Amino acid sequence: MAALKPSIFPRRLQAGGHVRVVAPSRSLAIIAPEVREIADARLADLGLTRSYGRRAEFNEALSSANPRDRVLDLEEAFEDTSVDAIFTSIGGFNSIELLSLIDYAKIAANPKIFCGYSDITVMVNAIHARTGLVTYYGPHYSSLGMRDGNEFTLANLQSCLFSEAPFAVRAAPQWSEDHWFLDQDARTFKPNPGIVVIQPGEAEGRLVGGNINAFRLLNGTPYAPPLEEALLFLENDGLDGDKTPVEFNRRLETILLQPGGETVKGLVVGRFKTESKMSLEQLAAIIASKEELAGKPVIAGVDFGHTMPMATLPIGGLGRVVADGADARFELIRY
């Protein structure tokens, strides 16, 4: 686990900014043209231009480019002075291959926004751990290609990347877990019951986390962010073995068993997919079993991760949780 480094906050985006799309996990080649068109229109609405990494569409083993090609695209994006922000194309399963190949000095010397989620959990946390750069657990470039129901995602992205003013991450009016990328006309939206209190309390701390399966892959490595007095946020993707409360329970346990796990300030849990079969009662029982979380605030049902829409959260930024009775608030203070 890396030693805690002072947080470096990247420059905010503004109209006229330039976004570079890279593919550190699965290839950009698998993103349909119509999804790219919508994503480009969304970026244009924000006043941003877009370019692709030179190797982003390489598509070899595991639907990815060679690890060193992926690293070259990443480092070139950070060193290119015309680039203001870097978005990942999509998630996947193998961005962890890049961690030992990256020249973190190049990133530290050229701090800028880096955003993605899911498998990119390992990268946003590793980059923060090794450099202090605040990174962002938020939508991929491909996520912006969702045609309908994306207003919350875009508004939160804009709040987090264009502004420095503190704001609350509120519940989206409705949410979806459908495979929108397969059929944009076959969508199902559900009313959002809102953020719920699992354990009461109030805490403020440096945010680390992301997808629980990917985050725990960093356990015991020099790329894991320090957990000391961190405010942890975790979500479950609901894929394959991730569908059970049993898996969420033991993965949470492996994280809390890491050095500093007993000092975390609190926990923010993302919305579970229906197929995960996680009830609030089961989640409450899991949380109550963790001595490391005793007396600390825990909230759940927050809109980030693998249900849509999603908030953008800063790795290394400062957050606050207030869980008082039925009232749950999650605020980003510095990001």
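The values are calculated or read from the model by the stated rules, or taken from the named source; none is laboratory data. Being a predicted model, the structure only gives us computed values, none of them experimental. Virtual Cβ from ideal backbone geometry, glycine too; neighbours counted across all protein chains shown. Each accessible area value is taken on the protein alone, full model and side chains, heavy atoms only, with ligands, DNA and RNA left out. Shrake-Rupley method; radii C 1.70, N 1.55, O 1.52, S 1.80 Å.
For a label point 7 angstrom out from the Cα of Glu229 toward its Cβ, which stretches of segment 251-266 have the backbone nitrogen within less than 18 Å?
259-266
Taking every DSSP beta bridge that has both residues in the chain, what percent is antiparallel when rounded to the nearest 5?
Of all bridge pairs located within the chain, approximately 45 percent are antiparallel.
Restricting to bridges with both residues inside segment 176-332, how much of the DSSP beta-bridge set is antiparallel, in percent to the nearest 5?
That works out to approximately 55 percent antiparallel.
At 20 °C and a viscosity of 1.002 mPa s, what translational diffusion coefficient does Stokes-Einstein give for segment 20-179, taking Rh as the Kirkwood radius over Cα pairs? Give it in µm²/s as a whole number.
134 µm²/s
Running a GNM on the chain with Cα contacts under 10 Å, which residue among Asn211, Asn156, Asn110 ends up with the highest mean-square fluctuation?
Asn110
Classify segment 185-335: rounded, prolate or oblate, from the alpha-carbon gyration tensor (a ≥ b ≥ c, eigenvalue square roots; a/c under 1.5 rounded; otherwise prolate if a/b is larger than b/c)?
Rounded, since a/c falls under 1.5.
With every protein chain left in place, what is the accessible area per residue of segment 180-335 in square angstrom, probe 1.4 Å?
Per residue, segment 180-335 has 38 Å² of solvent-accessible surface.
Magnitude of the Cβ-charge dipole of the chain, K/R +1 and D/E -1, about the Cα centre, nearest 20 debye?
Approximately 460 debye in magnitude.
I'd like the orientation of helix 121-131 relative to the chain: the angle between its Cα long axis and the longest Cα principal axis, in ° from 0 to 90, rounded to 10.
80 degrees
Compute the helix-to-body angle for 33-45: its Cα long axis versus the longest principal axis of the chain, expressed 0 to 90° and rounded to tens.
80 degrees
Could you go through segment 12-29 in sequence order and give the Karplus-derived ³J(HN,Hα) for each residue, using 6.51 cos²θ - 1.76 cosθ + 1.60 with θ = phi - 60°, rounded to whole Hz, and x for Gly and Pro?
Rounded to whole hertz, the list is 5, 6, 8, 3, x, x, 10, 9, 9, 9, 10, 10, x, 10, 6, 6, 4, 4.
If each of Phe162 and Glu281 carries a label point 7 Å out from its Cα toward its Cβ, how far apart are those two points in nm?
Output for this residue pair reads 4.5 nm.
Not counting ligands, DNA or RNA, and with a 1.4 Å probe, what is Asp69's accessible surface area in Å² rounded to the nearest 10?
Counting only protein heavy atoms, the figure is 40 Å².
In whole Å, how far is the Cα centre of segment 73-123 from that of segment 134-204?
Value for the Cα centre distance between the two parts: 22 Å.
Can you list the HN-Hα couplings for segment 224-231, worked out from phi with the Karplus curve (6.51, -1.76, 1.60; θ = phi - 60°), rounded to whole Hz and with x for Gly and Pro?
Working through the residues one at a time gives 7, x, x, 8, 3, 6, 8, 9 Hz.
For every other residue with a beta carbon closer than 10 angstrom to the beta carbon of Glu292, add +1 if it is Lys or Arg and -1 if Asp or Glu, then tell me the sum.
-1
Give me the accessible area of Thr274, 1.4 Å probe, in Å² rounded to the nearest 10.
Its heavy atoms expose roughly 90 Å² to the probe.
Report, to the nearest 10°, how far helix 151-162 tilts away from the longest principal axis of the Cα atoms in the chain, using its own Cα long axis and a range of 0 to 90°.
80 degrees
Which ³J(HN,Hα) values in Hz, rounded to whole numbers, follow from the phi angles of segment 246-258 under the Karplus curve 6.51 cos²θ - 1.76 cosθ + 1.60, where θ = phi - 60° and Gly and Pro get x?
4, 5, 4, 4, 6, 5, 4, 4, 5, 6, 5, 7, 6
For segment 37-115, what % of the accessible area comes from carbon and sulfur atoms, probe 1.4 Å?
Answer for segment 37-115: carbon and sulfur cover 51 percent of the accessible area.
Along the Cα→Cβ direction, 7 angstrom out, place labels at Phe189 and Glu204. What is the inter-label distance in nm?
For the pair Phe189/Glu204, the computed spacing is 3.6 nm.
What figure, in Å² to the nearest 10, do you get for the accessible area of Glu281 with a 1.4 Å probe and non-protein molecules left out?
Taking all protein chains as shown, Glu281 has close to 140 Å².
With runs of 4+ DSSP H residues as the only contributors, calculate the mean residue ellipticity of the chain at 222 nm using -39,500 (n - 2.57) per run, divided by the residue total and rounded to the nearest 500.
The helix contribution divided over the chain gives -7000 deg cm²/dmol.
Counting only protein chains, not ligands or nucleic acids, how are Lys277, Lys296 ordered by accessible area (probe 1.4 Å), most first?
From most accessible down to least: Lys277, Lys296.
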